[in-house]
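S.K.: Following this message is one structure expressed as structure tokens.
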Amino acid sequence: MTMRAPDSDLPIVLEDVRYGVRDLIIIDGMSLMLTPGAPTVLIGPNGSGKTTLLRLMMGLIEPTSGRVTWGGRTHVPPARRAIVFQRPVMLRRSVAANIHYALAAAGIGRHQHAERARDLLEQAGLSALAERPARRLSGGEQQRLALARGLARDPQVLFLDEPTASLDPAATKAIEDVVRAVSARGIKVVMSTHDLGEARRLAGDIVFIHRGRVIESAPAAEFFAHPKTDDARRFVAGELLV
Amino acid sequence: MQEKLMHADTSALDLVLSADPALMEIVRLSLLVSLGAVVAAAVIGFPLGAVIALTRYPGREASIVVLNALMGLPPVVVGLAVYLLLSRSGPLGTWGLLFTPAAMVIAQTILVTPIIAALARQTIEDLWTEYREELAAMNVGPIGRVATLLWDARFSLLTALLAGFGRAAAEVGAVIIVGGNIDGFTRTMTTAIALETSKGDLPLAIGLGMVLIAIVIIVNALAWGVRRAGERLAG
């Protein structure tokens, strides 16, 4: 057996991807490439297709047409990718048991569980709540637990779907701090938000989508200073896009 | 009449409190038969419920309606069907099981299996709707998914077992037909109450009635406790 680095899931490439449910077109011909580096933030109004795009890139749904590749391969199981849903599901177990479950699902040997779980809980700021039933946590705590669960598999790419929607500023800051730390460790973060302040704080790149299409994709500084399209200018200015 | 009833009450209490051997034997057999039926029904009903909850096949909706309807099977009809199966000239007559506790377990298993399967199906399906994407994202395989659902539904599934036991312990129609109410062999609390009441031996009937109600209350208290424990431990 030869030793080689495991195949990388990056870059993630979308080639003219469409996705629809019956007559409803949700993603209408998107081409996009995500490379390692600073967080990529998806912005756009509600219903623009952010969540569906994340699910396509995670591999949870298949495009109606076009294709998604991970490191040049199609149909790669999500072993090195993780996603935190906007409303994450808490397993009916304790906080610590949720983490242990994620570690086991990631195929990590039992002898490592205790130590890894301790690290993950610490990172998510949940050490004091380890024995609580997960479903009794507050919204912000549940998001942090879902983040810790996602990190349990030591992912290469971490998708976050509006992780701070409906959280107060303190809870939002706690999440953003974890996201920054994760990104600094070299994990590619891809997150959606409709909070422009959050996009400014975290993004390396911005992908602006509207009505299932990529309107603009650019480094964050450039996007916010000089949006190229009229829609993006209006969105950045805080106008309502419908 | 008034006096006779009063007298029946006190002697009934005496029978219970003195743990009268005949009464205890009837209670013991009743519990064994009903427990045996619940165990058998769980072995059949849980996997059946899980399969219906997690697979898609033509006629699935209809099978769910039928399963739910079977929860209300009339015990006497089940008793009659099992009687026909096990009677000497019936297809399983050679087994020689009619009028034995085994026949009673079979009949009660048929009564209890739909209850356990239908409740398990509902519980597992609801949980699956909630968990499906999260488990897919965690790359959990089919066996792991089923194990996760069963474990996380454990408190509700335990409640289903207790509901099944309550049904089995309280029914009379099926066991009286296939068991035959033979003294010391197939006489259960419910069949004994039916017989003793018609004979006019009220103390034993009332005593058994008290024990039966106590058991039903204990089972429901357990179900309640399980539910509360589930809320506390799993949220």
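S.K.: Name every residue in region B:84-115 that is among the hydroxyl-bearing types (Ser, Thr, Tyr) and either farther than 22 Å from residue B:165 by Cα or in a loop (DSSP other than H, G, I, E, B) (or both), in order of residue number.
M.R.: Correct list: B:87, B:89, B:94, B:100.
S.K.: Checking the conditions here, which among A:92, A:87, A:132 is under 18 Å from the mean Cα position of the chain (by Cα) and over 17 Å from residue A:153 (Cα atoms)?
M.R.: None of the other options fit; the residue is A:87.
S.K.: Cβ-Cβ distance below 8 Å, separation of 6 or more or different chains: which pairs start in region A:129-146 with a residue that is within 14 Å of residue A:179 (Cα to Cα) and end on one that is part of a strand (DSSP E or B)?
M.R.: Pairs found: A:143/A:84; A:146/A:84.
S.K.: Only one of A:96, A:104, A:117 is more than 12 Å from chain B (Cβ to nearest Cβ), within 21 Å of residue B:149 (Cβ to Cβ) and free of Cβ contacts under 8 Å to residues at least 40 places away in the same chain. Can you tell me which?
M.R.: Every option except A:96 fails the conditions.
S.K.: Sticking with this one: Anything in region A:18-27 that is assigned to a strand (DSSP E or B) and either more than 29 Å from residue A:201 (Cα to Cα) or polar (S, T, N, Q) (or both)? List them, or say none.
M.R.: Residues satisfying the conditions are A:18, A:19, A:20, A:21, A:24, A:25.
S.K.: Look through A:42, A:54 and report the one residue that is within 13 Å of chain B (Cβ to nearest Cβ), at pLDDT 95 or above and closer than 24 Å to residue A:231 by Cα.
M.R.: Sole residue among the options that is within 13 Å of chain B (Cβ to nearest Cβ), at pLDDT 95 or above and closer than 24 Å to residue A:231 by Cα: A:54.
S.K.: Name the residues in region B:202-234 that are over 19 Å from residue B:162 (Cα atoms) and among the charged types (D, E, K, R), would you?
M.R.: Passing the criteria: only B:232.
S.K.: Then there is this: Select, from A:143, A:112, the only residue that is assigned to a helix (DSSP H, G or I), farther than 23 Å from residue B:147 by Cβ, of a type outside the set (Asp, Glu) and more than 9 Å from every other protein chain (Cβ to nearest Cβ).
M.R.: Of A:143, A:112, the one residue that is assigned to a helix (DSSP H, G or I), farther than 23 Å from residue B:147 by Cβ, of a type outside the set (Asp, Glu) and more than 9 Å from every other protein chain (Cβ to nearest Cβ) is A:143.
S.K.: Cβ-Cβ distance below 9 Å, separation of 6 or more or different chains: which pairs start in region A:32-53 with a residue that is part of a helix (DSSP H, G or I) and end on one that is among the aromatic types (Phe, Trp, Tyr)?
M.R.: Pairs that qualify, where the first residue is part of a helix (DSSP H, G or I) and the partner is among the aromatic types (Phe, Trp, Tyr), are A:51/A:85; A:52/A:19; A:53/A:19.
S.K.: Looking only at helices (runs of 4 or more DSSP H) that fall completely inside region A:168-242, which ones have 3 or more residues that are closer than 27 Å to residue A:155 by Cα?
M.R.: A:169-184, A:196-202
S.K.: Follow-up question, since we're still on this one. Scan region B:116-153 residue by residue and report those that are basic (Lys, Arg), at the interface with chain A (Cβ under 10 Å from one of its Cβ atoms) and either assigned to a loop (DSSP other than H, G, I, E, B) or crowded, with 18+ Cβ neighbours inside 10 Å (or both).
M.R.: Result: no residue meets the conditions.
S.K.: Based on what the data block shows, is residue A:88 touching a residue at least 12 places away in the same chain (Cβ under 8 Å), surrounded by 17 or more Cβ atoms within 10 Å (Cβ to Cβ) and either more than 12 Å from chain B (Cβ to nearest Cβ) or part of a loop (DSSP other than H, G, I, E, B) (or both)?
M.R.: yes
S.K.: So if I check each of B:171, B:196, B:231, which one is within 14 Å of chain A (Cβ to nearest Cβ) and either more than 16 Å from the chain's Cα centre (by Cα) or surrounded by 16 or more Cβ atoms within 10 Å (Cβ to Cβ) (or both)?
M.R.: Selected residue: B:231, the only one of B:171, B:196, B:231 that is within 14 Å of chain A (Cβ to nearest Cβ) and either more than 16 Å from the chain's Cα centre (by Cα) or surrounded by 16 or more Cβ atoms within 10 Å (Cβ to Cβ) (or both).
S.K.: Another question about this same structure. Give region A:1-60 a look and list any residue that's closer than 18 Å to residue A:155 by Cβ and charged (D, E, K, R), or say none.
M.R.: Answer for region A:1-60, where residues must be closer than 18 Å to residue A:155 by Cβ and charged (D, E, K, R): A:7, A:9, A:55.
S.K.: Which of the residues that make up region B:60-83 are surrounded by fewer than 18 Cβ atoms within 10 Å (Cβ to Cβ) and in a loop (DSSP other than H, G, I, E, B)?
M.R.: Matches in region B:60-83: B:72, B:74.
S.K.: Let me ask another. For residues that are more than 24 Å from the chain's Cα centre (by Cα) and touching a residue at least 40 places away in the same chain (Cβ under 8 Å), tally how many sit in region B:102-144.
M.R.: 1
The values are calculated or read from the model by the stated rules, or taken from the named source; none is laboratory data. As the structure is a computational prediction, the values presented were derived from the model and not from experiment. Positions of Cβ are generated from backbone atoms using ideal geometry, with glycine treated the same way; all protein chains shown enter the neighbour counts.
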